[in-house]
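Visitor: First the structure, which I've put down as structure tokens, then a few questions once you've had a look.
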Amino acid sequence: MEFLCLCATELSYKEMAVQMNCSPRTVETYRDALMQKLDVKGRVGLAIYALKAGLMH
């Protein structure tokens, strides 16, 4: 959930990793898994999903 919300920000994946206390590779793994699970093609798709699901404030 935290990663999905961060996708709708202007943070780079490296900056997300710092904020989430994990490695950039972990962030890439989260991204790849969510993109496959949600059947979206990129970060914009993840951000749109987060917005539609009401995860963003």
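Visitor: Going by alpha carbons, how many degrees (0 to 90, nearest 10) lie between the helix axis of 43-52 and the longest principal axis of the chain?
Guide: It is inclined by approximately 50 degrees.
Visitor: Also: Tell me the relative contact order for the chain as a rounded percent, counting alpha carbon contacts under 8 Å between residues six or more apart.
Guide: Across the chain, relative contact order equals 41 percent.
Visitor: Using 0.36 nm per residue, how much length does the chain from Ala53 to Lys37 gain when fully extended, once their Cα-Cα distance is taken away?
Guide: Gain in length upon complete extension: 4.3 nm.
Visitor: Okay, next question. Counting only protein heavy atoms and using a 1.4 Å probe, what share of the accessible area of the chain belongs to carbon plus sulfur, as a whole percent?
Guide: Of the solvent-accessible surface of the chain, carbon and sulfur hold 56 percent.
Visitor: Ignoring ligands, DNA and RNA, how do Met56, Met16, Met1 rank by accessible area with a 1.4 Å probe, largest first?
Guide: So the residues, ranked largest to smallest area, are Met1, Met56, Met16.
Visitor: A further question follows. Match the structure shown to one of the listed values [x] 3.5; [y] 4.3; [z] 4.5 of mean projected area of the Cα convex hull in nm², computed from it, and give that label.
Guide: Identified label for the calculated read-out: [x].
Visitor: Compute the helix-to-body angle for 24-38: its Cα long axis versus the longest principal axis of the chain, expressed 0 to 90° and rounded to tens.
Guide: With both axes taken from Cα atoms, the answer is about 20 degrees.
The values are calculated or read from the model by the stated rules, or taken from the named source; none is laboratory data. Being a predicted model, the structure only gives us computed values, none of them experimental. Quick note on the areas: whole protein, heavy atoms, side chains included, nothing else; ligands and nucleic acids left out. Shrake-Rupley method; radii C 1.70, N 1.55, O 1.52, S 1.80 Å.
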